[in-house]
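Visitor: Have a look at this one before I ask anything.
The values are calculated or read from the model by the stated rules, or taken from the named source; none is laboratory data. Just so you know, these numbers come straight off a predicted model, no measurement behind them. When we count neighbours, we look across all protein chains shown, and the Cβ atoms used for this are built from the backbone with ideal geometry, even at glycine. These area figures cover heavy atoms from the full protein model, side chains too; ligands, DNA and RNA do not enter into them. Shrake-Rupley method; radii C 1.70, N 1.55, O 1.52, S 1.80 Å.
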Amino acid sequence: MPIVQVPKLGSVGVIYDQPPEELPVSAFSDVRNVRFREGAMEKILGHKQIYTTPSVTPYWLQSYNQGGKRWWIHAGTANVFADDGNSRVDITPTPAPTGTATDRYTGGVLNGVLLMNNGVDAPWYWGGSGVLLPLTGWQSGYRARSIRPYKNVAVALGITKGVGTSPVQYPHMVKWSDLAVPGSVPASWDQNDPTKNAGELDLAEEPSEMVDQLTLGDANIIYKQQSMWSMVPSGDSQVFRFQRLPGDVGALARGCIANTPLGHVVLTPGDVILHAGQGPKSIINARLRRWLFSQIDSTNGDMAFVTTNPATNEVLVCFPSLGASACDRACVWNWVEDTWSVRDLPNVTYGATGQIEYSATQTWDSDNDAWDDDVTAWDENEFSRNQSRLLVCTTGPLIAAMDSAATFNGTPFTGVAERTGWTMDEPDRVKVILGVRLRVTAPAGTQIQVQVGSAMQSEDAVTWSAPAIYTHMSGKVEVNVQSKAGRFIGVRFTTVGNQVPKIVSYGVNYKLLGGY
């Protein structure tokens, strides 16, 4: 019987937005909890708790290195804490924050000082001791949707003036502080003081409102709802020069921008784009674009965010699926392979990257993964002090390190990948699958569940066979699994237990029948 080989399973990824019968041979039509890289498809790793259980549900994370410690800041709606892996400090300001879960914090580290802003209260700063303090020089009664550091100034977007009296909104305004002395926050935000470099400007050429910002190389990129702007030093009395960038696209919400070696990846109101200061390029169109925006819960869409996993060269577009209030799913783009996948999330509220303090990591005595399932090294620190890692916070509440365990913090999960609608280049011929051969990279004894299916018409539901088990290095080359006769063939792979196999390629042993 003929055998069709399907090579390089890591080369295409999953495609939802095209009919399965039109997909390239190495593509998959549905996946969950797998990734595509280095020429193979592999099950993702899970996550595990990395710090003591939070006392509040955290909605924001930020790494902050200060005073010889590597702090991780986590903020609830009314409390803020700093954790260095050994101790947790309550740094909640007085009065306490008054925002809600959707009032996402912005901020960052300016000259070694942490900035925080929730858009509802006046912004704060923290220098590594004591509690958060009101941001020095910030004008009384002012609020900003986004505040982030840029070079040695702080930049605020979407300003409201006169809170509590007669508030006036300036939804197009960008406002910047005076220059900050190293190790300090800016002393002034007064745009009317001629002795200062502080200023403000309305970017009102395009009518949508300010959303967020993020540095890109030497520029600060400002995102409105439907446009992008570059902010760079002008070298004259204007202090900064602003230029609208090509494309009528912006950011969906605060936190929906991530920096990669290729440029910014942005979740817009209708696309996922990549740009490096030039025109935007969709990186999801004709692959997962329509599917993604059909899955985001409309009520809780502002909980979506974009982050990176530097260890795996991935961008995670995290979103609450239909009916969810926190991010329970992510579309994952590998910027090296240019492949997409989909993974489950444990009701994540936010994610950020940074370095983890060595003493916070789990070693042999504290590792609670089962012996047969553990993917970490024996009695070794699994998080290098110099490696940037992705941490997430969840409604658990929990702070967890991604790609650090074989389970979802002790809960087993499976990886699934399937291809349906496969015609084997003969859409009018009926076929029967007789067996599947896998090329796998995994420890001996690793098992993979294999199913094959068929449909007579492309619109018909696939009828799947009973599952059969492939056992790696068992001496058996082919999995004996048979489909019913059909013109359109399906193949499905499901991981078994907590094992993490890589499937490099597979071959299908089949028999051609007639045209009916």
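Visitor: Just name the residue that is least open to solvent (accessible area, probe 1.4 Å) out of those in the stretch 170-186 that are under 18 Å from residue 138 (Cα atoms) and touching a Lys or Arg at 6+ places or on another chain (Cβ under 8 Å).
Guide: Looking at the filtered set, the residue picked out is 178.
Visitor: When you go through 127, 162 one by one, which is the residue that is modelled with pLDDT under 95, in contact with a strand residue (DSSP E or B) (Cβ under 8 Å, 6 or more places away or on another chain) and surrounded by fewer than 18 Cβ atoms within 10 Å (Cβ to Cβ)? Can you show your working first?
Guide: Values: 127 fails: modelled with pLDDT under 95.
Testing whether each residue is modelled with pLDDT under 95, in contact with a strand residue (DSSP E or B) (Cβ under 8 Å, 6 or more places away or on another chain) and surrounded by fewer than 18 Cβ atoms within 10 Å (Cβ to Cβ) leaves just 162.
Visitor: Six or more apart or on different chains, Cβ atoms under 6 Å: show the pairs whose first residue is in the stretch 404-423 and over 16 Å from residue 35 (Cβ atoms) and whose second is in a strand (DSSP E or B) and open to solvent by 40 Å² or more (accessible area, probe 1.4 Å).
Guide: Pairs found: 409/49.
Visitor: Report, ordered by the first and then the second residue, all pairs with beta carbons closer than 6 Å, sequence separation of six or more or different chains, a first member in the stretch 178-195 that is at positive phi, and a second member that is open to solvent by less than 70 Å² (accessible area, probe 1.4 Å) and part of a loop (DSSP other than H, G, I, E, B).
Guide: 183/111; 183/112
One line per residue, one yes/no per condition, for (1) free of Cβ contacts under 8 Å to residues at least 40 places away in the same chain; (2) under 17 Å from residue 218 (Cα atoms):
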{"residue": "253", "(1), (2)": "no, no"}
{"residue": "256", "(1), (2)": "no, no"}
{"residue": "261", "(1), (2)": "no, yes"}
{"residue": "267", "(1), (2)": "no, no"}
{"residue": "279", "(1), (2)": "yes, no"}
{"residue": "282", "(1), (2)": "yes, no"}
{"residue": "290", "(1), (2)": "no, no"}
{"residue": "298", "(1), (2)": "yes, no"}
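Visitor: So, residue 78, is that one farther than 30 Å from residue 500 by Cβ, aliphatic (A, V, I, L, M), open to solvent by 10 Å² or more (accessible area, probe 1.4 Å) and within 21 Å of the chain's Cα centre (by Cα) or not?
Guide: Working: farther than 30 Å from residue 500 by Cβ: yes; aliphatic (A, V, I, L, M): yes; open to solvent by 10 Å² or more (accessible area, probe 1.4 Å): yes; within 21 Å of the chain's Cα centre (by Cα): no.
Answer is no for this residue.
Visitor: Give just the number: which of (1) among the β-branched types (Val, Ile, Thr); (2) out of contact with any helix residue (DSSP H, G or I) (no Cβ under 9 Å at 6 or more places or on another chain); (3) in a loop (DSSP other than H, G, I, E, B) does residue 73 not satisfy?
Guide: In the conditions (1) among the β-branched types (Val, Ile, Thr); (2) out of contact with any helix residue (DSSP H, G or I) (no Cβ under 9 Å at 6 or more places or on another chain); (3) in a loop (DSSP other than H, G, I, E, B), residue 73 misses (3) alone.
Visitor: Still on this model: Return the total of residues in the stretch 441-457 being assigned to a strand (DSSP E or B), surrounded by fewer than 20 Cβ atoms within 10 Å (Cβ to Cβ) and hydrophobic (A, V, I, L, M, F, W, C).
Guide: The initial filter retains those residues of the stretch 441-457 that are assigned to a strand (DSSP E or B), namely 441, 447-455.
Applying the additional criterion that residues be surrounded by fewer than 20 Cβ atoms within 10 Å (Cβ to Cβ) yields 441, 447, 449.
From what is left, the residues that are hydrophobic (A, V, I, L, M, F, W, C) are none.
The qualifying residues number 0.
Visitor: Restricted to the stretch 8-62, and to residues that are open to solvent by 20 Å² or more (accessible area, probe 1.4 Å) and among the small types (Gly, Ala, Ser), which residue is nearest to residue 395 (Cα to Cα)?
Guide: Of everything passing the filter in the stretch 8-62, 55 is nearest to residue 395 (Cα to Cα).
Visitor: Would you point out the residue of the stretch 458-516, among those that are among the polar types (S, T, N, Q) and over 37 Å from the mean Cα position of the chain (by Cα), that is nearest to residue 410 (Cα to Cα)?
Guide: Filtering the stretch 458-516 for residues among the polar types (S, T, N, Q) gives 458, 463, 465, 471, 474, 480, 482-483, 494-495, 498-499, 505, 509.
After this cut, where a residue has to be over 37 Å from the mean Cα position of the chain (by Cα) as well, the list is 474, 480, 482-483, 509.
Numbers: 474: 29, 480: 33, 482: 35, 483: 35, 509: 38 Å.
By that ranking, first place goes to 474.
Visitor: Here's something else I'd like to know. Here is a check on your reading of the model: is residue 500 at pLDDT below 95, open to solvent by 50 Å² or more (accessible area, probe 1.4 Å) and of a type outside the set (S, T, N, Q)? Give the steps one after another, and end with the answer.
Guide: Details: at pLDDT below 95: yes; open to solvent by 50 Å² or more (accessible area, probe 1.4 Å): no; of a type outside the set (S, T, N, Q): yes.
It is false that residue 500 is at pLDDT below 95, open to solvent by 50 Å² or more (accessible area, probe 1.4 Å) and of a type outside the set (S, T, N, Q).
Visitor: Here are 88, 70: which of them is out of contact with any Leu (no Cβ under 6 Å at 6 or more places or on another chain), open to solvent by less than 40 Å² (accessible area, probe 1.4 Å) and among the basic types (Lys, Arg)? Explain how you work it out, then say what you get.
Guide: On the way: 88 fails: open to solvent by less than 40 Å² (accessible area, probe 1.4 Å).
Result of the check over 88, 70: 70.
Visitor: Of all residues in the stretch 393-422, which are closer than 30 Å to residue 22 by Cα and either assigned to a strand (DSSP E or B) or touching a helix residue (DSSP H, G or I) at 6+ places or on another chain (Cβ under 9 Å) (or both)?
Guide: Residues satisfying the conditions are 416, 417, 418, 419, 420, 421, 422.
Visitor: Considering only residues of the stretch 461-479 that are at pLDDT 95 or above and in a loop (DSSP other than H, G, I, E, B), which is farthest from residue 503 (Cα to Cα)?
Guide: Per the stated criteria, the residue is 461.
Visitor: Out of 211, 239, which single residue is among the hydrophobic types (A, V, I, L, M, F, W, C), closer than 17 Å to residue 155 by Cα, at pLDDT below 95 and open to solvent by 10 Å² or more (accessible area, probe 1.4 Å)?
Guide: Numbers: 211 fails: at pLDDT below 95.
Answer to the selection: 239.
Visitor: Tally time: how many residues in the stretch 271-282 are assigned to a loop (DSSP other than H, G, I, E, B) and either on the phi > 0 side of the Ramachandran plot or touching a Lys or Arg at 6+ places or on another chain (Cβ under 8 Å) (or both)?
Guide: At the first step, the residues of the stretch 271-282 found to be assigned to a loop (DSSP other than H, G, I, E, B) are 271, 276-280.
Narrowing the set further to residues that are either on the phi > 0 side of the Ramachandran plot or touching a Lys or Arg at 6+ places or on another chain (Cβ under 8 Å) (or both) leaves 271, 277.
Count: 2.
Visitor: Determine, yes or no, whether residue 490 is in contact with a Gly (Cβ under 6 Å, 6 or more places away or on another chain), closer than 24 Å to residue 343 by Cα and at pLDDT 95 or above. Spell out how you get there, then give the answer.
Guide: Working: in contact with a Gly (Cβ under 6 Å, 6 or more places away or on another chain): yes; closer than 24 Å to residue 343 by Cα: yes; at pLDDT 95 or above: yes.
Yes, satisfied.
Visitor: In this structure, is residue 101 closer than 24 Å to residue 349 by Cβ, of a type outside the set (S, T, N, Q) and in contact (Cβ under 8 Å) with a residue 60 or more places away in the chain? Walk me through it before giving the result.
Guide: Details: closer than 24 Å to residue 349 by Cβ: yes; of a type outside the set (S, T, N, Q): yes; in contact (Cβ under 8 Å) with a residue 60 or more places away in the chain: yes.
Yes.
Visitor: Give the residue, chosen from 476, 431, that is open to solvent by 20 Å² or more (accessible area, probe 1.4 Å) and either among the charged types (D, E, K, R) or touching a Phe, Trp or Tyr at 6+ places or on another chain (Cβ under 7 Å) (or both). So that I can check it myself, show each step before the final result.
Guide: Numbers: 431 fails: open to solvent by 20 Å² or more (accessible area, probe 1.4 Å).
That would be 476, the only listed residue that is open to solvent by 20 Å² or more (accessible area, probe 1.4 Å) and either among the charged types (D, E, K, R) or touching a Phe, Trp or Tyr at 6+ places or on another chain (Cβ under 7 Å) (or both).
Visitor: Here's a follow-up. For the stretch 162-173, check the following and say yes or no: at least one residue is of a type in the set (Gly, Ala, Ser) and either within 19 Å of residue 104 (Cβ to Cβ) or touching a residue at least 24 places away in the same chain (Cβ under 8 Å) (or both). Reasoning before the result, please.
Guide: First, the residues of the stretch 162-173 that are of a type in the set (Gly, Ala, Ser): 162, 164, 166.
In the following step, the residues that additionally are either within 19 Å of residue 104 (Cβ to Cβ) or touching a residue at least 24 places away in the same chain (Cβ under 8 Å) (or both) were identified as none.
No: the stretch 162-173 contains no residue that is of a type in the set (Gly, Ala, Ser) and either within 19 Å of residue 104 (Cβ to Cβ) or touching a residue at least 24 places away in the same chain (Cβ under 8 Å) (or both).
Visitor: Restricting the first residue to the stretch 319-335 and requiring it to be farther than 10 Å from residue 296 by Cα, which pairs with a second residue that is of a type in the set (Phe, Trp, Tyr) meet a Cβ separation below 7 Å and a spacing of at least six or different chains?
Guide: If the second residue must be of a type in the set (Phe, Trp, Tyr), the pairs left are 331/340; 332/340; 333/340; 334/36.
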